[in-house]
Amino acid sequence: MAKRILIVEDEPQLSQLIADYLAAGGFESEVRSDGRSGLEAALSGAFDLVLLDVMLPLMDGFEVCRAIRAESDCPVLMLTALREDGDKIRGLGLGADDYVTKPFSPAELVARVRSHTARYDRLTGHEEGPSERWIRDGSLAVNQASHRVRKDDDDVSLTAKEFELLLLLMRNPDRVFAKEEIYERLWGDEHYGDPSTVTVHVRRLREKIEDDPSSPRRIETVWGMGYRWSAGK
Ligand code: CA
(Lines give C-alpha, C1' and ligand atoms only; values in the text may rest on other atoms or scores of the structure.)
Protein backbone atom coordinates (compact mmCIF):
# COMPACT_ATOMS: atom_id res chain seq x y z
CA MET A 1 0.00 0.00 0.00
CA ALA A 2 1.41 3.38 -1.01
CA LYS A 3 2.35 5.75 1.79
CA ARG A 4 0.23 8.88 1.95
CA ILE A 5 2.00 12.20 2.30
CA LEU A 6 0.35 15.47 3.31
CA ILE A 7 1.90 18.53 1.64
CA VAL A 8 1.13 21.81 3.43
CA GLU A 9 2.44 24.50 1.09
CA ASP A 10 0.82 27.68 -0.19
CA GLU A 11 2.76 28.05 -3.43
CA PRO A 12 0.76 26.00 -5.97
CA GLN A 13 3.66 25.50 -8.37
CA LEU A 14 5.91 24.19 -5.63
CA SER A 15 3.28 21.89 -4.11
CA GLN A 16 2.51 20.48 -7.56
CA LEU A 17 6.20 19.88 -8.15
CA ILE A 18 6.56 18.09 -4.80
CA ALA A 19 3.45 15.99 -5.52
CA ASP A 20 4.97 14.98 -8.87
CA TYR A 21 8.30 14.02 -7.27
CA LEU A 22 6.51 11.97 -4.65
CA ALA A 23 4.30 10.25 -7.22
CA ALA A 24 7.40 9.29 -9.19
CA GLY A 25 8.81 7.88 -5.94
CA GLY A 26 5.71 5.72 -5.39
CA PHE A 27 3.94 7.93 -2.83
CA GLU A 28 0.41 9.27 -2.82
CA SER A 29 -0.07 12.85 -1.72
CA GLU A 30 -2.62 15.54 -0.98
CA VAL A 31 -2.07 19.29 -0.77
CA ARG A 32 -3.42 21.83 1.72
CA SER A 33 -2.53 25.44 1.08
CA ASP A 34 -3.01 27.04 4.49
CA GLY A 35 -1.98 26.16 8.03
CA ARG A 36 -5.42 25.61 9.46
CA SER A 37 -6.67 23.12 6.89
CA GLY A 38 -3.19 21.54 6.93
CA LEU A 39 -3.47 20.92 10.65
CA GLU A 40 -6.96 19.47 10.30
CA ALA A 41 -5.76 17.06 7.62
CA ALA A 42 -2.65 16.13 9.61
CA LEU A 43 -4.79 15.18 12.61
CA SER A 44 -7.22 13.11 10.54
CA GLY A 45 -4.89 10.13 10.84
CA ALA A 46 -5.01 9.58 7.08
CA PHE A 47 -1.37 10.45 6.40
CA ASP A 48 1.94 8.74 7.03
CA LEU A 49 4.07 11.90 6.95
CA VAL A 50 3.57 15.68 6.79
CA LEU A 51 5.69 18.01 4.66
CA LEU A 52 5.20 21.39 6.27
CA ASP A 53 6.12 24.80 4.91
CA VAL A 54 7.02 27.52 7.45
CA MET A 55 5.38 30.61 5.92
CA LEU A 56 1.70 29.76 5.52
CA PRO A 57 -1.58 31.71 5.58
CA LEU A 58 -3.89 31.53 8.65
CA MET A 59 -1.42 29.62 10.85
CA ASP A 60 2.34 29.37 10.35
CA GLY A 61 4.25 26.12 10.06
CA PHE A 62 5.63 26.36 13.60
CA GLU A 63 2.19 26.67 15.13
CA VAL A 64 0.94 23.80 12.99
CA CYS A 65 3.91 21.66 14.03
CA ARG A 66 3.34 22.36 17.71
CA ALA A 67 -0.37 21.52 17.40
CA ILE A 68 0.34 18.29 15.51
CA ARG A 69 2.79 17.22 18.21
CA ALA A 70 0.25 17.79 20.95
CA GLU A 71 -1.89 15.07 19.38
CA SER A 72 0.16 12.89 17.10
CA ASP A 73 3.56 11.33 16.58
CA CYS A 74 3.24 11.33 12.77
CA PRO A 75 6.59 12.29 11.16
CA VAL A 76 6.86 15.99 10.26
CA LEU A 77 9.42 17.40 7.82
CA MET A 78 9.67 21.18 7.70
CA LEU A 79 10.38 22.95 4.41
CA THR A 80 12.59 25.92 5.23
CA ALA A 81 14.17 28.59 3.07
CA LEU A 82 17.96 28.75 3.05
CA ARG A 83 18.08 32.23 4.58
CA GLU A 84 15.80 31.27 7.49
CA ASP A 85 18.59 29.56 9.38
CA GLY A 86 17.07 29.88 12.85
CA ASP A 87 13.90 28.25 11.51
CA LYS A 88 15.53 24.85 11.30
CA ILE A 89 16.42 24.84 14.94
CA ARG A 90 13.09 26.28 15.95
CA GLY A 91 11.21 23.64 13.94
CA LEU A 92 13.19 20.80 15.45
CA GLY A 93 12.63 22.27 18.92
CA LEU A 94 8.89 22.10 18.32
CA GLY A 95 9.04 18.43 17.47
CA ALA A 96 9.65 18.38 13.71
CA ASP A 97 11.60 15.25 12.76
CA ASP A 98 13.74 16.88 10.10
CA TYR A 99 13.90 19.79 7.71
CA VAL A 100 14.55 20.16 4.02
CA THR A 101 16.05 23.40 2.80
CA LYS A 102 14.55 25.17 -0.22
CA PRO A 103 15.55 24.91 -2.98
CA PHE A 104 15.88 21.14 -2.63
CA SER A 105 16.63 18.42 -5.12
CA PRO A 106 13.76 16.03 -5.93
CA ALA A 107 15.93 13.02 -5.17
CA GLU A 108 16.88 14.38 -1.75
CA LEU A 109 13.31 15.18 -0.82
CA VAL A 110 11.98 11.75 -1.82
CA ALA A 111 14.88 10.01 -0.02
CA ARG A 112 14.14 11.91 3.20
CA VAL A 113 10.44 11.10 2.99
CA ARG A 114 11.23 7.45 2.38
CA SER A 115 13.67 7.20 5.25
CA HIS A 116 11.31 8.87 7.74
CA THR A 117 8.26 6.80 6.84
CA ALA A 118 10.35 3.62 7.08
CA ARG A 119 11.81 4.67 10.42
CA TYR A 120 8.34 5.41 11.78
CA ASP A 121 7.14 1.96 10.70
CA ARG A 122 10.02 0.30 12.50
CA LEU A 123 9.42 2.41 15.58
CA THR A 124 5.74 1.67 15.84
CA GLY A 125 5.90 -1.89 14.55
CA HIS A 126 3.35 -1.47 11.79
CA GLU A 127 3.81 -2.16 8.16
CA GLU A 128 0.20 -1.59 7.15
CA GLY A 129 -1.56 1.59 6.04
CA PRO A 130 -2.85 4.18 8.51
CA SER A 131 -6.26 2.56 8.97
CA GLU A 132 -4.68 -0.70 10.07
CA ARG A 133 -2.15 0.83 12.42
CA TRP A 134 -1.15 -1.02 15.51
CA ILE A 135 1.06 0.48 18.18
CA ARG A 136 2.91 -2.31 19.96
CA ASP A 137 4.54 -2.30 23.34
CA GLY A 138 5.63 -5.59 24.83
CA SER A 139 2.63 -7.90 24.95
CA LEU A 140 0.18 -5.07 24.23
CA ALA A 141 -1.04 -3.94 20.81
CA VAL A 142 -3.34 -0.96 20.27
CA ASN A 143 -5.10 -0.01 17.07
CA GLN A 144 -5.77 3.71 17.08
CA ALA A 145 -8.22 3.67 14.19
CA SER A 146 -10.45 0.81 15.29
CA HIS A 147 -9.95 1.32 19.07
CA ARG A 148 -9.00 -2.32 19.50
CA VAL A 149 -6.59 -3.49 22.16
CA ARG A 150 -4.90 -6.86 22.41
CA LYS A 151 -2.90 -8.34 25.24
CA ASP A 152 -0.92 -11.47 24.40
CA ASP A 153 -3.09 -11.68 21.24
CA ASP A 154 -6.32 -11.73 23.25
CA ASP A 155 -8.84 -8.93 22.71
CA VAL A 156 -9.24 -6.57 25.66
CA SER A 157 -12.43 -4.58 25.92
CA LEU A 158 -11.97 -0.98 27.07
CA THR A 159 -14.40 1.90 27.50
CA ALA A 160 -13.76 5.02 25.43
CA LYS A 161 -12.14 6.85 28.36
CA GLU A 162 -10.02 3.84 29.31
CA PHE A 163 -8.85 3.72 25.70
CA GLU A 164 -7.98 7.42 25.66
CA LEU A 165 -6.12 7.04 28.94
CA LEU A 166 -4.14 4.08 27.64
CA LEU A 167 -3.23 5.92 24.44
CA LEU A 168 -2.18 9.07 26.30
CA LEU A 169 0.15 7.12 28.59
CA MET A 170 1.49 4.77 25.93
CA ARG A 171 2.34 7.58 23.54
CA ASN A 172 4.36 9.32 26.24
CA PRO A 173 6.50 6.63 27.83
CA ASP A 174 8.31 7.61 31.04
CA ARG A 175 6.51 10.91 31.27
CA VAL A 176 4.81 11.53 34.60
CA PHE A 177 1.22 12.73 34.30
CA ALA A 178 -0.40 14.37 37.31
CA LYS A 179 -3.94 13.22 38.01
CA GLU A 180 -5.17 16.76 37.31
CA GLU A 181 -3.46 16.85 33.93
CA ILE A 182 -5.00 13.54 32.90
CA TYR A 183 -8.39 14.81 34.03
CA GLU A 184 -7.94 18.03 32.09
CA ARG A 185 -6.97 16.19 28.91
CA LEU A 186 -9.60 13.48 29.00
CA TRP A 187 -12.53 15.19 30.64
CA GLY A 188 -11.62 18.84 30.18
CA ASP A 189 -14.69 19.83 28.19
CA GLU A 190 -17.14 18.12 30.53
CA HIS A 191 -18.10 20.32 33.45
CA TYR A 192 -18.71 17.70 36.09
CA GLY A 193 -16.87 15.02 37.98
CA ASP A 194 -13.53 15.43 39.71
CA PRO A 195 -9.94 14.24 39.32
CA SER A 196 -10.49 11.19 41.55
CA THR A 197 -12.32 9.83 38.48
CA VAL A 198 -8.81 9.36 37.10
CA THR A 199 -7.88 7.05 40.00
CA VAL A 200 -10.88 4.88 39.24
CA HIS A 201 -10.06 4.69 35.54
CA VAL A 202 -6.42 3.87 36.20
CA ARG A 203 -7.51 1.04 38.51
CA ARG A 204 -9.91 -0.38 35.89
CA LEU A 205 -7.36 -0.09 33.14
CA ARG A 206 -4.76 -1.87 35.27
CA GLU A 207 -7.20 -4.71 35.88
CA LYS A 208 -7.48 -5.16 32.13
CA ILE A 209 -3.91 -4.76 30.94
CA GLU A 210 -1.58 -5.59 33.82
CA ASP A 211 -0.38 -9.14 34.43
CA ASP A 212 -0.77 -8.49 38.14
CA PRO A 213 -3.02 -5.44 38.77
CA SER A 214 -2.04 -5.32 42.45
CA SER A 215 1.58 -4.82 41.47
CA PRO A 216 1.41 -2.84 38.22
CA ARG A 217 4.44 -2.76 35.99
CA ARG A 218 3.07 -0.73 33.06
CA ILE A 219 1.10 2.08 34.66
CA GLU A 220 3.38 2.95 37.52
CA THR A 221 2.33 5.19 40.40
CA VAL A 222 4.83 7.94 41.08
CA TRP A 223 4.02 8.80 44.66
CA GLY A 224 2.91 12.38 45.18
CA MET A 225 3.18 13.09 41.45
CA GLY A 226 0.96 10.94 39.31
CA TYR A 227 1.27 8.09 36.83
CA ARG A 228 3.88 7.01 34.37
CA TRP A 229 3.88 4.52 31.49
CA SER A 230 6.73 2.07 31.66
CA ALA A 231 7.42 0.85 28.13
CA GLY A 232 8.42 -2.59 26.91
CA LYS A 233 7.03 -4.75 29.72
CA1 CA B 1 5.03 29.49 1.94
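A few points about this structure:
- Per-residue extension of 0.36 nm, minus the Cα-Cα distance of ARG114 and ALA231, leaves a gain of 39.4 nm for this segment.
- Per the Debye calculation on the chain with a single equal scatterer at every Cα and no solvent contribution, log₁₀ I(q)/I(0) for q = 0.08, 0.11, 0.12 Å⁻¹ amounts to -0.35, -0.64, -0.74.
- Label-point gap, in nm, between ARG217 and VAL200 - each point 7 angstrom along Cα→Cβ: 3.0
- For the chain, the mean residue ellipticity at 222 nm estimated from helices alone is -12500 deg cm²/dmol, where every DSSP H run of n ≥ 4 contributes -39500 (n - 2.57) and the total is divided by all residues, rounded to the nearest 500.
- Segment LEU14-GLU180, extension gain: residue separation times 0.36 nm, minus the distance between their alpha carbons: 55.3 nm
- Once the Cβ-Cβ distance of ARG136 and ALA2 is raised to the sixth power relative to R0 = 25 Å, the FRET efficiency obtained is 0.65.
- Evaluated over the chain, the count of Lys pairs having alpha-carbon atoms less than 21 Å apart is 8 (only pairs 8 or more residues apart or interchain).
- With all protein chains in place and ligands, DNA and RNA left out, the 1.4 Å accessible area ranks LEU43, LEU49 as LEU43, LEU49, largest first.
- Note on THR101: accessible area approximately 30 square angstrom, rounded to 10, probe 1.4 Å, nucleic acids and ligands left out.
- Rounded to 5, percent antiparallel among DSSP beta bridges of the chain: 50
- Relative packing of peptides 216-223, 54-61 - highest average C-beta neighbours within 10 Å first: 54-61, 216-223
- Gain on full stretching of the segment that runs from GLU207 to ARG122 - 0.36 nm per residue minus C-alpha separation: 27.7 nm
The values are calculated or read from the model by the stated rules, or taken from the named source; none is laboratory data. Keep in mind that this is a model prediction, so the values were computed, not measured. So basically every Cβ, Gly included, is an ideal-geometry build from the backbone, and we count neighbours across all protein chains shown. Side chains included, ligands, DNA and RNA excluded: accessible areas come from the protein's heavy atoms. Shrake-Rupley method; radii C 1.70, N 1.55, O 1.52, S 1.80 Å.
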